[in-house]
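J.: This is the structure, below, for whatever I ask next.
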Amino acid sequence: MEMAVHDFNEYSNQTRLLVDLQLRNSWRQPVHAALAALDLISSQEVQAILGPQTWEETSLVADIASRNQTPILSFADAIPKWAAERFPFLLQASPNQYAQMKAIAAVVQSWEWHQVTVIHEDIDSSATGIIPHLFEALREVGAEISQVLALPPFISSTLTQELEKLKRSQCRVFIVHLSLPLAEQFFEQAKTMSTMEKDYVWIATDSFTSLAHSITASSISSSKEGIVGVKSYISEKEQKFRDFYRRFRKRFGSEYPEEDNHEPGALAVQAYDAVWSVALEISENQRISLSNFDGLTGKIQFNNKNETPALYQIINLTGRSYRELGFWTDGLGFSKTIDDSATYNSSMKYLGQVIWPGAPRNAPRGWAVPTDSKPLRIGVPIGSEFKQYVNPEFDELGNVISFHGFSIELFIAIVSELPFCLPYEFFPYNGSYTDLVKKIYLKEFDAVVGDVAIVARRLQYAEFTHPYTESGLVMIVPLEKPANKALLFMKPFTKAMWMLIGIVTIYNGFIVWLIERNHWHELQGSPVHQTGAFLWLSFSSLFSLQGGTLHSNLSRMTMLVWLFVALVITQTYTANLASMLTVQGFKPATVDIESLQRSNAWVGYSNASFVASYLEDVLRFNRKNLIGYTSLEDYDRDLKNGKISAIFLEVAVSKIFLAKYCKSFATTGPTYKVGGLGFAFPKGSPLLPSVTEALLKVSESGELRELETSMIASETCMDVYVDDDISSLSPSSFWVLFAFSGGTSTIALIVYLSHRNWKLSCLLVHKTIRMLVLTLMKQWGIQKQRFYGRLLSHGESPRSSTNTPPEAVAGSSIVNIEASMT
């Protein structure tokens with residue numbers, strides 16, 4: 001600041017005012033700062049005040065300065081948004097702290113850490129400024145603050161106890177926002193507590209890293225090795241800065257020869273630019289405006305809009321100094337350079353190798369694996385009515401001694417897939433499932449394992465793995481017999497099929513009657529008698545060949561083919577009718593929730609589940625019509641005696657209920673989408689990604705399916721569902737058989753009618769066969785020419801021309817057939 005005043009006065013000419021610098025040391029005490037400001041304004045009549053470095057100092061000084069309309073430039077970390085309205089003469093000269101917190105959040109995101117512990121100085125500016133900014137920035141990248149440790153401005157005797165608490169916590173990522181003197185003492189103490197070693201991560205903010213150049217080499221190597229920091233960037237490209245840098249080192253070295261480092265830091269540059277800007281504005285305009293100013297490192301603008309360019313340097317304290325890893329730019333990400341050819345990446349890993357505390361080969365996971373001395377405390381519900389999922393075993397005194405069931409076996413399989421050892425201990429809990437999940441939020445449990453449904457209101461207390469069961473909510477109702485089954489015997493065939501069977505039967509019977517009437521005296525007599533005999537002969541042919549009473553080979557041929565067709569039809573009818581009798585023996589008593597609501601019916605649900613609120617809030621059931629249950633037997637009893645008309649269960653547990661009572665109940669209606677069952681962990685738990693990945697491995701290996709099958713296998717039976725999809729059979733399924741039978745009968749009729757004219761008979765038979773085969777071939781998509789070639793090739797002469805038309809070949813074939821028949 002003295003250099004800025006000296007340079008400005010040398011720069012000024014006779015037309016400008018000279019600047020005088022009045023220094024007061026407030027020792028970071030707000031009262032001292034307020035008294036000093038009052039003295040400067042009233043006694044010294046200063047035109048501007050610079051330098052309060054905390055919000056506590058700034059707020060008191062700004063109040064005094066605003067009354068006297070004296071501008072004040074503050075170097076505090078953060079200034080509340082409302083301060084600009086209350087103190088119109090207050091300006092912020094420090095960098096954008098929210099952008100710095102975004103840079104820290106980007107570092108956390110790069111290494112996939114989900115929880116951090118924040119250590120800050122116990123002053124209002126941190127609590128009201130930095131912490132909210134950091135919370136918001138971490139939330140945007142999917143991380144959260146698990147603990148906050150506020151340290152007094154001096155090292156107290158409680159620091160050891162606080163560090164011991166941090167060691168016992170699971171989180172191993174620490175963000176330190178402390179002033180340099182307090183930070184140096186803190187890290188020294190952390191070193192003695194063995195928290196600067198492997199698996200720990202320390203990230204420092206600009207309040208410490210901006211003065212990293214002034215930390216002694218011995219201090220870095222002894223207690224600060226591996227710290228990663230976000231540091232305000234100072235551009236060294238400007239000629240003004242290079243001149244300032246040279247003069248600063250020379251003057252500082254001459255005044256403080258005992259200091260090892262003579263380099264100006266970011267705070268020195270900010271102070272120089274602030275003094276020069278204020279002096280320039282006052283000398284020209286007698287006031288401080290918000291206009292741009294060419295500072296040591298480029299364009300500078302002091303205002304309350306936090307428009308300072310968001311560019312930070314990422315450093316790594318190692319050895320006897322620190323390494324400059326690269327840069328972070330708001331909106332662009334990480335880069336190794338900041339010139340026009342810079343390449344940006346969203347991950348800090350792009351910057352290269354980082355030296356972490358303890359110098360591990362790989363980056364720390366950011367959290368401590370539970371140990372045998374402190375295993376994972378897992379809450380397990382013991383009130384589940386579905387013991388296949390969680391089945392506690394009790395001793396003689398009623399104490400839980402072990403747990404079994406599908407959920408327990410699955411969790412054990414998941415733990416075996418983890419790439420690290422995970423000690424854990426199960427603790428029984430008898431209460432609602434929501435209260436059990438809430439115990440995680442209250443830090444009474446580290447996780448919950450059991451048949452716990454994933455629902456929205458439980459997500460405010462914990463996070464869940466992917467569902468390990470099918471998701472959904474179904475309605476189960478009793479089965480009842482249909483009221484009217486009198487015409488069920490007609491359903492296996494369609495009306496058209498029945499009509500076609502009757503027509504073909506009568507047609508075949510007529511042909512047999514016509515052929516046999518002169519040889520069989522029972523077919524003779526009065527017209528009424530012959531009609532009855534004709535109909536009897538037609539339908540009795542469905543069940544008997546009657547070959548012993550038939551005299552003509554033509555009638556025997558007709559009856560033989562028709563009996564074969566009738567056999568196929570009757571067997572098909574029997575099979576289809578049996579299927580319909582099996583499926584339609586029972587049907588659901590209720591098919592939708594609207595009928596339940598209209599009839600004001602009672603419905604059941606599980607006392608331990610979320611279903612009650614879902615039925616009331618989503619499906620709009622009256623709360624007075626809902627009954628809670630705790631056992632499968634109670635469901636079965638009240639559904640059968642009519643006390644309740646339906647129950648609502650999650651899909652996963654409905655399979656168990658239907659496996660046990662599949663002959664009496666069935667699901668009906670749609671499946672209502674809910675979250676399924678999962679395991680619960682604290683929000684942002686570093687274990688959650690690993691457990692979810694292990695769950696997917698168990699699922700993809702088939703082990704999850706095997707566990708589920710073995711769970712239900714002991715109670716498996718055929719499920720009964722309403723199924724109206726068994727359709728009646730139509731003639732399209734039997735047209736080939738009907739064509740075969742009808743064609744045979746027609747051929748027999750033609751031969752009989754023309755038995756005295758063999759040539760005509762052969763011609764008619766040929767035409768009939770041709771018509772039938774053409775019909776068949778048309779169904780199979782074969783061309784007419786190919787049909788003639790295949791059917792009549794046996795009648796062609798070796799000397800016949802290949803150009804002979806099909807009709808001529810057909811004619812010659814007829815002559816050959818006639819000759820052979822003669």
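The values are calculated or read from the model by the stated rules, or taken from the named source; none is laboratory data. Predicted, not measured: the structure shown is a model, and the values here were computed from it. Positions of Cβ are generated from backbone atoms using ideal geometry, with glycine treated the same way; all protein chains shown enter the neighbour counts. Quick note on the areas: whole protein, heavy atoms, side chains included, nothing else; ligands and nucleic acids left out. Shrake-Rupley method; radii C 1.70, N 1.55, O 1.52, S 1.80 Å.
J.: Pull up the stretch 246-279, narrow it to residues that are open to solvent by 30 Å² or more (accessible area, probe 1.4 Å) and touching a Lys or Arg at 6+ places or on another chain (Cβ under 9 Å), then point me to the one that is nearest to Asp77 (Cα to Cα).
T.: Filtering first and then ranking leaves Glu263.
J.: Restricting to the stretch 591-645, give me the number of residues that are hydrophobic (A, V, I, L, M, F, W, C) and either in the same structural domain as Ile454 (by the TED database) or loosely packed, with under 13 Cβ neighbours inside 10 Å (or both).
T.: So the count comes out to 1.
J.: While we're on this one: What is the number of the single condition among (1) touching a Phe, Trp or Tyr at 6+ places or on another chain (Cβ under 7 Å); (2) farther than 23 Å from Leu687 by Cα that Ser407 does not meet?
T.: Among (1) touching a Phe, Trp or Tyr at 6+ places or on another chain (Cβ under 7 Å); (2) farther than 23 Å from Leu687 by Cα, Ser407 violates only (2).
J.: Right, next: Find the residue count for the stretch 152-183, including only residues that are closer than 22 Å to Trp113 by Cβ and either of a type in the set (Lys, Arg) or not in a helix (DSSP H, G or I) (or both).
T.: 13
J.: What pairs come up if the first residue lies in the stretch 663-687 and is acidic (Asp, Glu), the second is open to solvent by less than 40 Å² (accessible area, probe 1.4 Å) and at pLDDT below 85, and their beta carbons are under 6 Å apart, counting only those six or more places apart or on different chains?
T.: none
J.: So which strands (runs of 3 or more DSSP E) are wholly in the stretch 373-436 and hold at least 1 residues that are among the hydroxyl-bearing types (Ser, Thr, Tyr) and either closer than 17 Å to Phe679 by Cα or open to solvent by less than 10 Å² (accessible area, probe 1.4 Å) (or both)?
T.: 424-429
J.: Out of everything in the stretch 335-370 that is among the aliphatic types (A, V, I, L, M) and outside any loop (DSSP other than H, G, I, E, B), what residue ends up being least open to solvent (accessible area, probe 1.4 Å)?
T.: Applying the filter and picking the extreme gives Met348.
J.: Here is a list: Glu164, Glu112, Glu188. Which entry is among the acidic types (Asp, Glu) and under 22 Å from Gln313 (Cα atoms)?
T.: Glu112
J.: Here are some residues: Phe154, Phe135. Which one is open to solvent by 60 Å² or more (accessible area, probe 1.4 Å) and either of a type in the set (A, V, I, L, M) or under 21 Å from Ala78 (Cα atoms) (or both)?
T.: Testing whether each residue is open to solvent by 60 Å² or more (accessible area, probe 1.4 Å) and either of a type in the set (A, V, I, L, M) or under 21 Å from Ala78 (Cα atoms) (or both) leaves just Phe135.
J.: Take the stretch 184-233 and flag every residue that is surrounded by 21 or more Cβ atoms within 10 Å (Cβ to Cβ), in a helix (DSSP H, G or I) and of a type in the set (A, V, I, L, M).
T.: Of everything in the stretch 184-233, those that are surrounded by 21 or more Cβ atoms within 10 Å (Cβ to Cβ), in a helix (DSSP H, G or I) and of a type in the set (A, V, I, L, M) turn out to be Ala190, Ala212.
J.: Could you grab the pairs with beta carbons closer than 8 Å, sequence gap of 6+ or different chains, first residue in the stretch 43-65 and without any contact (Cβ under 8 Å) to a residue 12 or more places away in the chain, second one open to solvent by 10 Å² or more (accessible area, probe 1.4 Å)?
T.: none
J.: Right, something else. Whether any residue in the stretch 624-647 is of a type in the set (Gly, Ala, Ser), modelled with pLDDT under 85 and over 25 Å from Ile408 (Cα atoms) is what I want to check.
T.: no
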